[in-house]
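Presented below is the structure to which this report refers.
Read-outs throughout are calculated quantities, based only on the coordinates presented, and are distinct from any laboratory measurement. Note that the structure is a prediction, hence the values are computed from the model and not measured. Cβ sites come from the backbone with ideal geometry, for glycine too, and all protein chains shown count toward neighbours.
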Amino acid sequence: MDGVKINLKVNGQDISREVDARLLLSDFIRENLLLTGTHIGCEHGVCGACTIHVNGDPVRSCLMLAVQADGCEVKTVESLIQENGDLNHLQQAFSDNHALQCGFCTPGFLMTVSSFLEENSNPCEAEIRKCISGNLCRCTGYSNIIKAVKQAAQTVSN
Amino acid sequence: MIPLLNMRLSTPKYIIDIGRVGGLSYIHADGESLVIGALTKHRDIEKSKLVKEKCPLLSEAIRWVGHEQIRNRGTVGGSIAHGDPSAELPCVLTALRGEIVLADENGEEIVSPEEFFLTYMLTSLQPDQLVKEIRFPIIKPASGSAFVEVARRHGDFGLVEVAAVVDLSEEGSFSEVKLAIGGVNSIPTALEDVERLLFGKEPNEELFKKASDLTMELVEPESDLHGTAEYRRELSGTMVIRALKKATIRAQGGRVM
Ligand SMILES: Cc1cc2nc3c(=O)[nH]c(=O)nc-3n(C[C@H](O)[C@H](O)[C@H](O)COP(=O)(O)OP(=O)(O)OC[C@H]3O[C@@H](n4cnc5c(N)ncnc54)[C@H](O)[C@@H]3O)c2cc1C
Ligand code: FES
Ligand code: FES
C-alpha cells in the first residue's frame with residue numbers, strides 16, 4: 001500500500017513521516033516514534049490506557065488513524081516530565097499516593113487528569129470520579145488515584 | 001467504527017474520512033428546529049448554551065454518550081448513521097419526531113427516524129449517501145422533558161433509556177406527550193400507544209403505573225451478556241415511570257436532579 005505523508009507536532013516537535021493509511025495513531029506513536037509511554041489495552045476505546053491529547057483535548061489514540069492526526073498537535077505522557085528530568089506535580093502526586101501498582105493504566109490516567117485539572121482547579125471528589133470514569137485500573141481500586149488527583153490540584157492552587 | 005475495524009468485525013476496502021469536510025459542523029436554531037451539522041462533535045453539543053435552551057432533552061442525553069474522551073471525537077452524524085439501538089441521540093430524535101437530512105450527488109432528502117432506522121446497526125443509508133444534518137424539534141419553554149438511562153457503568157451503552165417530553169393544559173392534564181425508548185428493541189421506538197393512553201389525562205401514580213404496564217407489553221427485548229430479556233422488560237416499565245415523573249415535575253415548574 002502506498003504511504004501517506006503526514007505532518008504533525010508531537011510533544012512540541014515537528015514530525016514528518018510517511019505512514020500506511022490503515023495505521024492506528026496509537027501504533028504510530030509507539031512503533032514509529034518509539035514513544036512507548038502510551039499503552040494499548042483494549043483497542044476499542046474502553047480502557048483509556050491509550051489516552052493522549054490531540055489539539056488540547058483528551059482522546060483515545062486507539063480510535064484514531066495516524067493520518068487523521070495530520071496537522072494536529074499531539075501530546076503524550078512523555079510531555080509531562082519537567083525539563084530537568086523531575087516528575088511534574090501530577091506524576092509526583094501519583095507516586096506519593098501509591099496511585100499506581102503495575103503502572104499499565106497510569107499514562108492514560110495522567111493524560112486524562114492533566115487536561116481535567118487545567119479546566120478544574122479545585123475539583124470535588126464527585127468531579128474527580130467522573131473525570132476518571134473513562135479509565136480502567138485493575139490494581140489500585142481507584143481510591144489512591146483520587147487522593148493523588150486531590151494532591152495535584154492542591155499543589156497547583158498553592 | 002474504529003472499534004469494529006480493530007476487532008476485525010468489519011474489513012472495508014476503502015474508508016473515506018469526512019472529518020475535514022468544511023461547513024458540516026454547526027448548531028443553529030431555524031424556525032421550529034435546532035439544526036445540527038453531521039460533523040458537530042458530541043462535546044460541542046454538551047457545551048452549547050443554545051442546545052440547553054432550545055432542546056434541554058438533548059443536553060441531558062448527550063452526557064450519557066461514552067466518556068469525555070469519546071465525546072471529544074464522536075460526531076452527531078456518526079451516532080445517527082451507526083444505528084445502534086441503544087444509542088442516546090437516535091432515541092432523543094425518535095421521541096421528538098425529528099428529521100435526518102441525507103445528501104448525495106443529486107441533492108438532498110429528508111427522512112424520519114422511523115424511515116431511517118431499519119434494525120440493529122442498519123439504516124436506510126445508501127452507499128453514496130451522507131448524513132448532512134439532523135433537525136431536532138425545539139422544545140417549548142413550558143414543556144417538561146427528561147432523559148433517563150440505566151447502564152452497567154456510566155459511559156457504557158445503555159441497557160434501557162427513555163426520552164420524554166410532556167405538555168400540561170391549564171387544568172393540569174397532559175395536552176401532549178412524546179415518549180421513546182432505546183436499548184430494548186432493534187431500533188429506538190416511539191411509544192405511540194402509551195402516548196395515546198396518557199393524552200388528556202391527569203398525571204398521577206395510577207396513570208403512570210398503567211403507562212408502565214403497557215410499555216412492558218409493547219417492548220420486545222432480547223437477552224444478552226448484560227441483562228436478560230425479563231430484566232430489560234421490567235426496567236423498561238420502571239424507566240418510563242421515572243421519565244414521565246421527571247418530565248411532569250419540570251412541566252409543573254419544579255426542579256429535579
Ligand atoms: C468506549 C465507548 C463508549 C461509547 N459509548 C457510547 C454511548 O454510551 N452512547 C452512544 O451513543 N455512543 C457511544 N459510543 C459510540 C460513539 O458515540 C461514537 O462516537 C459513535 O459511534 C459515532 O462515531 P463517529 O462520529 O466517530 O463516527 P464513525 O465511527 O466514524 O462512524 C460510524 C459509522 O457511521 C458512518 N458515518 C459517520 N458519519 C457519517 C455521515 N455523516 N454520513 C453517513 N455515514 C456516516 C460511518 O461510515 C460508520 O459506519 C461509544 C464508543 C466507545 C468507543
Ligand atoms: S487501548 Fe485505547 S482505550 Fe483501551
Ligand atoms: S496500576 Fe495496574 S492497572 Fe492501574
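Here is the figure for segment B:119-138: residues that are assigned to a strand (DSSP E or B) and of a type outside the set (D, E) total 10.
A:D86 satisfies every condition listed in (1) touching a residue at least 40 places away in the same chain (Cβ under 8 Å); (2) away from chain B (no Cβ under 14 Å) except (1).
Rundown of residues vs (1) part of a loop (DSSP other than H, G, I, E, B); (2) within 16 Å of ligand 2 (Cβ to nearest atom); (3) in contact with a strand residue (DSSP E or B) (Cβ under 6 Å, 6 or more places away or on another chain), yes/no style:
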site: A:Q68; (1), (2), (3): no, yes, no
site: A:I81; (1), (2), (3): yes, no, no
site: A:G85; (1), (2), (3): yes, no, no
site: A:Q101; (1), (2), (3): yes, no, no
site: A:T112; (1), (2), (3): no, yes, yes
site: A:K150; (1), (2), (3): no, no, no
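Applying the condition of being within 16 Å of ligand 1 (Cβ to nearest atom) and of a type in the set (D, E, K, R) to segment A:30-70 and asking which residue is nearest to B:N72 (Cα to Cα) yields A:D57. Pairing each residue of segment A:131-158 that is within 14 Å of chain B (Cβ to nearest Cβ) and more than 12 Å from ligand 3 (Cβ to nearest atom) with any residue that is assigned to a helix (DSSP H, G or I) and aliphatic (A, V, I, L, M), provided the two are 6+ apart or on different chains, yields C-beta distances under 8 Å for A:C131/A:V113; A:C131/A:V149; A:G134/B:I70. If you check B:V166 against the conditions, is it closer than 20 Å to B:P56 by Cα and in contact with a helix residue (DSSP H, G or I) (Cβ under 6 Å, 6 or more places away or on another chain)? The answer is yes for B:V166. In this entry, A:V113 is excluded by the filter for residues that are of a type in the set (V, I, T) and either within 16 Å of ligand 1 (Cβ to nearest atom) or closer than 30 Å to A:A21 by Cβ (or both).
I'm trying to understand the selection: among the residues of segment B:20-46, which are exposed (fewer than 14 other Cβ atoms within 10 Å of the Cβ) and closer than 18 Å to A:D57 by Cβ? If the condition is that a residue be exposed (fewer than 14 other Cβ atoms within 10 Å of the Cβ) and closer than 18 Å to A:D57 by Cβ, then B:R20 is the only one that fits.
Within the set B:L4, B:L24, B:L39, B:L58, the sole residue that is away from ligand 2 (no atom under 16 Å from the Cβ) and either of a type in the set (F, W, Y) or in a helix (DSSP H, G or I) (or both) turns out to be B:L58.
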